[in-house]
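The block underneath contains the structure these notes are about, expressed in structure tokens.
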Amino acid sequence: DAKTTQPPSMDCAEGRAANLPCNHSTISGNEYVYWYRQIHSQGPQYIIHGLKNNETNEMASLIITEDRKSSTLILPHATLRDTAVYYCIVRPRRSGTASKLTFGTGTRLQVTL
Amino acid sequence: DAGITQSPRYKITETGRQVTLMCHQTWSHSYMFWYRQDLGHGLRLIYYSAAADITDKGEVPDGYVVSRSKTENFPLTLESATRSQTSVYFCASSESRQGQRSYGYTFGSGTRLTVV
């Protein structure tokens, strides 16, 4: 499975956009990029995923570069409740088998007033 | 309520005791997973299951046993608890359809286990 690299921590002012980068330079063609977050002491929460096109949902936007070697998760208007550890995960799509998520150490996003 | 539930939320046990952590999901998801998370570390996969009666080891399976006799339940047993198994345990489920895009995991709220 492709390995991901994320900055260990980031700060963002409340109301501003939070842009969380992820490098996955060894990603292969059938691997998706997933983003999860974990708010203190809670179970991780799915945010968004994509293959090669940009994706948007009610929580966030995912921008994947054309060569798919990196991506950015965008929280358009960060709030204090978005303070969490954000995990970027590359997950292969293998039909018929359990496609496991492998978590790294993620980026700790601190949203401040 | 629909969802994925773990029990107990908190557990203290003594070294050498057997303890079972429960996980129940109401979606009939095929896949279920057990992770542990230690202070300052990410989540590590212990065991997973693709369907009832199908289980497989993850990254850190030693000292743990799982079973899956019913699709909705995936209990994790520590046969003889050790202090190194003090951790927060998360269960997750996922639905993945062959030939289609796979979907994300849904995690439970976790069980905080302390072995003394």
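Structure notes:
- Among the criteria (1) crowded, with 19+ Cβ neighbours inside 10 Å; (2) touching a residue at least 60 places away in the same chain (Cβ under 8 Å), the one A:His49 does not fulfil is (2).
- The single condition from (1) surrounded by fewer than 19 Cβ atoms within 10 Å (Cβ to Cβ); (2) closer than 28 Å to B:Tyr89 by Cβ; (3) touching a helix residue (DSSP H, G or I) at 6+ places or on another chain (Cβ under 8 Å); (4) not hydroxyl-bearing (Ser, Thr, Tyr) that A:Leu113 fails is (2).
- Only one of the listed residues (B:Arg97, B:Arg36, B:Arg68, B:Arg112) is at pLDDT 95 or above, among the basic types (Lys, Arg) and not in a strand (DSSP E or B). That residue is B:Arg68.
- Within this structure, A:Lys69 fails the test of being of a type outside the set (Ser, Thr, Tyr) and at pLDDT below 90.
- Scope region B:7-33; condition in a strand (DSSP E or B) and within 12 Å of another protein chain (Cβ to nearest Cβ); matching residues: B:Tyr10, B:Cys23, B:Tyr31, B:Met32, B:Phe33
Let's see how each residue does on (1) within 14 Å of chain B (Cβ to nearest Cβ); (2) not in a strand (DSSP E or B):
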residue	(1), (2)
A:Lys3	yes, yes
A:Pro7	no, yes
A:Cys12	no, no
A:Gly29	no, yes
A:Arg37	yes, no
A:Ile47	yes, no
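Residue-by-condition table, conditions (1) closer than 30 Å to A:Leu51 by Cα; (2) in contact with a helix residue (DSSP H, G or I) (Cβ under 7 Å, 6 or more places away or on another chain); (3) exposed (fewer than 13 other Cβ atoms within 10 Å of the Cβ):
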site: B:Glu14; (1), (2), (3): no, no, yes
site: B:Arg17; (1), (2), (3): no, no, yes
site: B:Ser30; (1), (2), (3): yes, no, no
site: B:Tyr35; (1), (2), (3): yes, no, no
site: B:Tyr48; (1), (2), (3): yes, no, no
site: B:Thr55; (1), (2), (3): yes, no, no
site: B:Thr86; (1), (2), (3): no, no, no
site: B:Gly108; (1), (2), (3): yes, no, no
site: B:Thr114; (1), (2), (3): no, no, no
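The values are calculated or read from the model by the stated rules, or taken from the named source; none is laboratory data. From a predicted model like this one, the values you see are computed outputs, not experimental measurements. When we count neighbours, we look across all protein chains shown, and the Cβ atoms used for this are built from the backbone with ideal geometry, even at glycine.
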